[in-house]
Amino acid sequence: MKYAIIGTGAIGGFYGAKLAKSGQDVHFLLHKDYEFVRDNGLQIDSCDGSFHIDNVKAYSETGTMPQCDVVLVALKSVNNHLLKTLLPPLLHNNTLVVLIQNGIGVEQDVERDLPGVQLAAGLAFICSAKREPGRVSHQCYGSINLANYSCRDKSLFDTVVSEFRDAGIETGQVEYHEARWKKAVWNMPFNGMTVALHTQTDLLLGNPATRQLIREQMMEVVGASRALGVSGVDEAFVEKMIKMTDEMTPYSPSMRLDYDYHRPMEIYYLYTRPIEIAREAGFRMPKLEMLEAELKFLEKNL
């Protein structure tokens, strides 16, 4: 199938390059490093084996890109207002758009702006970064869960899952609401806490006080998911996420990097939206509400 990558950064660059390496027809939208990647290709420095993609099909605007069967959106959600303009040139009647983004509520808002578009959620479990043109550093993990949100063509969705797996990407096929809230169990504590305390994941878990706070924040997400009737998000999953992070390479999540580089942080979909949804269901997340307030303060004073 023909793939488009919208946002060739740490996430889009990695998964797009893996698909291209496996022989898929992949078209990459780039911004600051468009000319560099066009001329020099895309380098993936990976803990699973580094590789280079030559002759990248690189574009600086979607208007010059072909219509594609699958569009992987790996933009930060703070840029989702651009999708109303970016996506239409890429879509045909059966295109599937996969939002590989953090947070709760992104699909609902894209569906509102582009009625009838077929959507799936992509929940990436990966430590990667892009700190220089045309080069992605993949530190550890790399799996992705795909969840059908509004894809009418089940065979298309199943084919995407299969082609991800054929590209060497560990890919799960999961229920949408469970997938989004499970990702929030990790994202809501670690993204914000690394910013608020100016630290990394290993130091947060290495200190008994912040380790306990992280666990309590995770349990707030579990409580919110239960109040919303979402199954599969429980204390056992919290312990699994803590164990996974203990074993992870010391890591600065995407929000910490955004803060360090003076970029807008994804506060709305990672904090404000899920907190509002939980409150409407009668559940409060006081520790995460406090973290949201701290992040808003820090962003305003960047």
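The values are calculated or read from the model by the stated rules, or taken from the named source; none is laboratory data. Values in this document were obtained by computation on a predicted structure and should not be read as measured data. Glycine also receives a Cβ, built like all others from the backbone with ideal geometry; neighbour counts cover every protein chain displayed. The protein model used for the area step is the full one, side chains on, heavy atoms only, and it has no ligands, DNA or RNA in it. Shrake-Rupley method; radii C 1.70, N 1.55, O 1.52, S 1.80 Å.
Can you find even one residue in segment 107-115 that is charged (D, E, K, R) and either closer than 17 Å to Thr171 by Cα or without any contact (Cβ under 8 Å) to a residue 12 or more places away in the chain (or both)? So far as segment 107-115 goes, yes, one or more of its residues are charged (D, E, K, R) and either closer than 17 Å to Thr171 by Cα or without any contact (Cβ under 8 Å) to a residue 12 or more places away in the chain (or both).
Within segment 205-224, being more than 16 Å from Glu239 (Cβ to Cβ) and either open to solvent by less than 40 Å² (accessible area, probe 1.4 Å) or at pLDDT below 95 (or both) holds for Thr210, Ala224. Counting the residues of segment 135-168 that are within 18 Å of the chain's Cα centre (by Cα), small (Gly, Ala, Ser) and open to solvent by 60 Å² or more (accessible area, probe 1.4 Å) gives 0. Somewhere in segment 169-190, is a residue touching a helix residue (DSSP H, G or I) at 6+ places or on another chain (Cβ under 7 Å), of a type in the set (Gly, Ala, Ser), within 28 Å of Lys287 (Cα to Cα) and crowded, with 19+ Cβ neighbours inside 10 Å? The answer is yes, given that some residue of segment 169-190 is touching a helix residue (DSSP H, G or I) at 6+ places or on another chain (Cβ under 7 Å), of a type in the set (Gly, Ala, Ser), within 28 Å of Lys287 (Cα to Cα) and crowded, with 19+ Cβ neighbours inside 10 Å. Within segment 1-29, no residue that is within 13 Å of His138 (Cα to Cα) sits with its Cβ atom under 7 Å from a residue that is open to solvent by 10 Å² or more (accessible area, probe 1.4 Å) and assigned to a helix (DSSP H, G or I) at 6+ positions apart or across chains.
Glu289 meets each of the listed conditions (1) in contact (Cβ under 8 Å) with a residue 24 or more places away in the chain; (2) over 13 Å from Ile104 (Cβ atoms) apart from (1). Residues that are in contact with a helix residue (DSSP H, G or I) (Cβ under 7 Å, 6 or more places away or on another chain) and in a helix (DSSP H, G or I) within segment 191-205 comprise Asn191, Gly192, Met193, Thr194, Val195, Ala196, Thr201, Leu204, Leu205, listed in sequence order.
Asp25 satisfies every condition listed in (1) touching a Lys or Arg at 6+ places or on another chain (Cβ under 6 Å); (2) crowded, with 21+ Cβ neighbours inside 10 Å except (2).
Considering only residues in segment 91-120 that are assigned to a strand (DSSP E or B) and either polar (S, T, N, Q) or in contact with a Phe, Trp or Tyr (Cβ under 6 Å, 6 or more places away or on another chain) (or both), the one that is surrounded by the most Cβ atoms within 10 Å (Cβ to Cβ) turns out to be Ala120. Within segment 56-72, residues that are over 12 Å from Asp25 (Cα atoms) and open to solvent by 10 Å² or more (accessible area, probe 1.4 Å) reach partners that are at pLDDT below 95 and of a type outside the set (D, E, K, R) with beta carbons closer than 9 Å, at six or more positions or on different chains, in the pairs Ser60/His31.
Within segment 191-225, the set of residues being closer than 22 Å to Arg284 by Cα, of a type outside the set (S, T, N, Q) and touching a Ser or Thr at 6+ places or on another chain (Cβ under 8 Å) comprises Met193 only.
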